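Working notes for the structure below.
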Amino acid sequence: MPELSRVDRHAFLEQNQQEFAELLTFIDFAAGLTIGFVEVNQETEKAILVEALRNHFADTPIRLEVLNFSQEQDLRFLRDALVQRLERVQTDKKLVLLIQGLEVAIGMDQVGSYPPILQDLNFVRDAYRQSVPILAVCLAMTMHHPD
């Protein structure tokens, strides 16, 4: 993954200032199981966004927990994976999950097939409110990189 200079990082965040503010507002007002989707164009932008969120929430009553599933191509039971990872998280703060890499498990290149992870999500969707009652932001509001 290519590194962006401090100037590039600043330019990216400045150009996406409104979208970033909307994301922060969404996170601030979310309660219970709330799911949001954020689209970025490049891996480096994803890293900039995660860093900016971590910096923003560093001294606040919100804890950002980044969960990356990009190495789990065979992931089928997302709820179980989330519950298992959340058992290791101890906090009194509002917990925000930033979920990355689900596109690997969904398998965007399988034309015509219904991926097992989506089958399971549909089957257990009502159970999420009880077992994962927190804000989840999926990194997948379009943000633009400066030219």
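Computed from the coordinates by the stated procedures, all read-outs in this text should not be read as laboratory data. Since the model is a prediction, treat every value here as computed from it, not as a measurement. All Cβ positions, glycine included, derive from the backbone under ideal geometry; neighbour counts span all protein chains shown.
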Exercise. From the square roots a ≥ b ≥ c of the eigenvalues of the alpha-carbon gyration tensor of the range 6-139, which class results: rounded (a/c under 1.5), prolate (a/b over b/c), or oblate?
Worked result: oblate
Seminar exercise, completed: Residue by residue through the range 22-29, the couplings from Karplus 6.51 cos²θ - 1.76 cosθ + 1.60 with θ = phi - 60°, in Hz, x for Gly and Pro, are 5, 5, 5, 5, 4, 5, 4, 8
For this session: Name the residues whose placed amide hydrogens come within less than 5 Å of the amide hydrogen of Leu67, ignoring near sequence neighbours (fewer than 5 apart) on the same chain.
Result: Leu98, Ile99, Gln100
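Could you work out how much longer the chain between Arg76 and Gln15 gets when fully extended? Use 0.36 nm per residue separation minus the Cα distance between them, nm to one decimal.
Details: separation 61, 0.36 × 61 = 21.96 nm, distance 3.66 nm.
Additional length available on full extension: 18.3 nm.
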For this session: Extending each Cα 7 Å along its Cβ direction at Ala58 and Asp120, get the distance between those two points in nm, one decimal.
Result: 3.7 nm
Exercise. If you stretched the chain out fully between Val83 and Glu65, how much longer would it get, using 0.36 nm times the residue separation minus the C-alpha to C-alpha distance?
Worked result: 5.2 nm
